[in-house]
1. Need pairs with beta-carbon distance below 8 Å; first residue closer than 16 Å to Asn31 by Cβ and within region 80-106, second in a loop (DSSP other than H, G, I, E, B) and modelled with pLDDT of 90 or more; sequence gap 6+ or separate chains.
2. Can you give me the number of residues within region 23-50 that are open to solvent by less than 70 Å² (accessible area, probe 1.4 Å), outside any loop (DSSP other than H, G, I, E, B) and at pLDDT 95 or above?
3. When you scan region 51-100, how many residues do you find that are among the charged types (D, E, K, R), within 14 Å of Thr115 (Cβ to Cβ) and surrounded by fewer than 16 Cβ atoms within 10 Å (Cβ to Cβ)?
4. Report the residue count in region 51-79 for those that are part of a loop (DSSP other than H, G, I, E, B) and free of Cβ contacts under 8 Å to residues at least 24 places away in the same chain.
5. What are the residue pairs meeting all of these: first residue in region 124-138, first residue open to solvent by 60 Å² or more (accessible area, probe 1.4 Å), second residue at pLDDT 75 or above, Cβ atoms under 9 Å, and 6 or more apart or on different chains?
6. Report, by residue number, each residue of region 8-22 that is surrounded by 13 or more Cβ atoms within 10 Å (Cβ to Cβ), modelled with pLDDT under 90 and not small (Gly, Ala, Ser).
Amino acid sequence: MNSLFLILILQGLPAICWGLECYVCSAQANNVDKCVKTTIQCRETQDACRTQIMWKQPEFWQPRSERYHYVSKSCDRKDRCEAESASKGLKCMRDWYRDWHCIECCQGDRCNYYTTLGAGTTQISMTLLAFVLAVQFFFRMRS
């Protein structure tokens, strides 16, 4: 039983010990290729993944004034990301006929895979560790 407990603990430790991992890309036309294949290990002060989505006219002039999506992903601090997301306010009204700019924040490894679902916190590793510790405690109390 002790070896089973040790194996379960060792499987849960890497997720706790290593830092947050987020997808990263900059000003991509869509959420494929680079935006879903490139990840980075965040700095220890960065506790959230950030996705920035823009629908706007290009910086250069075009005859028909077409608008394009721009997707950027990175690591950020949760408080700063949420403050910037809240500051967008009316600029984040996803209308097809005008420019808009939205920022989404999430916590958890690679939680910024999707760009419009607003992924929440993922706490599976901590839950697994708590469960294993509770089971081990229960079996030790029975013996």
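The values are calculated or read from the model by the stated rules, or taken from the named source; none is laboratory data. Treat the numbers as computed from the prediction; the structure is a model and nothing was measured. Cβ placement follows ideal geometry from the backbone for every residue including glycine, while neighbour counts extend to all protein chains displayed. Ligands, DNA and RNA are stripped out before the accessible areas are found, and what is left, the full protein with its side chains, is counted by its heavy atoms. Shrake-Rupley method; radii C 1.70, N 1.55, O 1.52, S 1.80 Å.
1. Here the result reads Glu104/Asn112; Cys106/Asn112, each pair linking region 80-106 to a residue that is in a loop (DSSP other than H, G, I, E, B) and modelled with pLDDT of 90 or more.
2. 6
3. Taking region 51-100 and keeping what is among the charged types (D, E, K, R), we get 56, 59, 64, 66-67, 73, 76-80, 82, 84, 88, 91, 94-95, 98-99.
This time we only want the ones that are within 14 Å of Thr115 (Cβ to Cβ), so: 73, 94.
Subsequent filtering for residues that are surrounded by fewer than 16 Cβ atoms within 10 Å (Cβ to Cβ) retains 94.
Of the residues in that region, 1 qualify.
4. Going residue by residue through region 51-79, those that are part of a loop (DSSP other than H, G, I, E, B) are 57-67, 77.
Of the ones still in play, those that are also free of Cβ contacts under 8 Å to residues at least 24 places away in the same chain are 58-66.
Number of matching residues: 9.
5. Every condition considered, the pairs that remain are Ile124/Gly108.
6. Leu8, Ile9, Gln11
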